[in-house]
Structure formats: C-alpha cells, structure tokens
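For reference, the structure discussed in these notes is given below.
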Amino acid sequence: MAAIKEWFGAYNVIFNWIEKKYGYNALEDYWKYLAGTCFDDVIEKFKTGGPEYMEQYFKHAFEMDNGQCLTRLEGGKLIFEVVKCPDYEFMKSSKNKYFKPVGKYCKHHDIINSIIAYKSGYEFQMTECDSNGKCKWIFEGLSGNKCAI
C-alpha cells in the first residue's frame, strides 16, 4: 500500500476540529478511543514479537512515509528516536493552511502508544519531543507494580 501523506494533514484537521468544538479533554478521549479499538492486531503482534517486532513495525512505518528514525534494543527495551517525522515534514511543506500542525499534535503519539504498549505488556514513554518533528520513544516491559492507563 502506498503512503498517502495527505492523511497527516487530514488527521491534523480532525484533531483541530474536535479540540475547537469539544475541548482538549475530548480530543484526548478520541485518541484513547482509537487506541482502545483500532489496534488489536498490532497489540497481539507486539505481545508475541516483543521489542524486536515493535522495532520492525515502527521502522517500516517511518520508512514507508520517508521518515527517518534511529532504533536500538537494550535489554528488552526499544529506544526509538524520530529524526525526521513524516507527519511534520509533509505538513510544514504543504501550502494547505489547514495542514499546519496543531499545537499538541505529537501528544497523540504519546497517548495512543501508551495504551497500545500497556495492552501489549509494555510501558511507553515519550521522553523527548520538540513539537517540530523530533522525539524519543521508549518501550519497556512492565514490571509488577506498574499501573494501568
């Protein structure tokens, strides 16, 4: 399947509309709903494939959209650094005024990945984010005392 970069702009328009019409909490609820209902197959593959599969999954997604990332596995932990975010690269270069990234655009990665990771038996942290297309994600196995999202 070919990447369709206009989807990044469309997501941005949807996020902006929800936030303006219903508020930021509703936008977060929307992201939580997406994570809880749309990724069962991914969650199962993350459970069985572990950090190695997660690495392949995200690298493939970024490469399909001409993004750039650096990854490394350290003792059951995946460290994923976004060097060039395909979402931001497309939206920043677009002449469509509605495709300019909303202020909290990156937060959807944090919320959605946190829920997917938790359901897969992992914890997710977005430890760095410059809100301009560069960030760092860490997926690490849950220890016994971690709380659900």
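Just so you know, all these numbers are worked out from the coordinates, no wet-lab data involved. No experiment lies behind these values; they were computed from the predicted model shown. Cβ atoms come from the backbone with ideal geometry, glycine included; neighbour counts cover every protein chain shown.
Please give the contour-minus-distance gain from Trp7 to Tyr57: 0.36 nm per residue of separation, less the Cα-Cα distance, rounded to one decimal in nm.
Details: separation 50, 0.36 × 50 = 18.00 nm, distance 1.89 nm.
Contour length minus Cα-Cα distance gives 16.1 nm.
For Arg72 and Asp130, what is the calculated FRET efficiency with R₀ set at 25 Å and r taken between the beta-carbons, to the nearest 0.05?
Working: r = 20 Å, r/R0 = 0.80.
Computed FRET efficiency for Arg72 and Asp130: 0.80.
Cut-off 16 Å, label point 7 angstrom out along Cα-to-Cβ of Lys20: give me the residues of the stretch 83-119 whose amide nitrogen falls inside.
Flagged as within label range: 96-105.
Taking Cα atoms, how many degrees apart are the long axis of helix 6-22 and the longest axis of the chain, rounded to 10 and kept between 0 and 90?
Orientation of helix 6-22: about 80 degrees from the principal axis.
Find the percent of Cα-Cα distances in the chain that exceed 20 Å, and round it to a whole number.
Details: 5550 of 11026 pairs.
So the portion of pairs separated by more than 20 Å is 50 percent.
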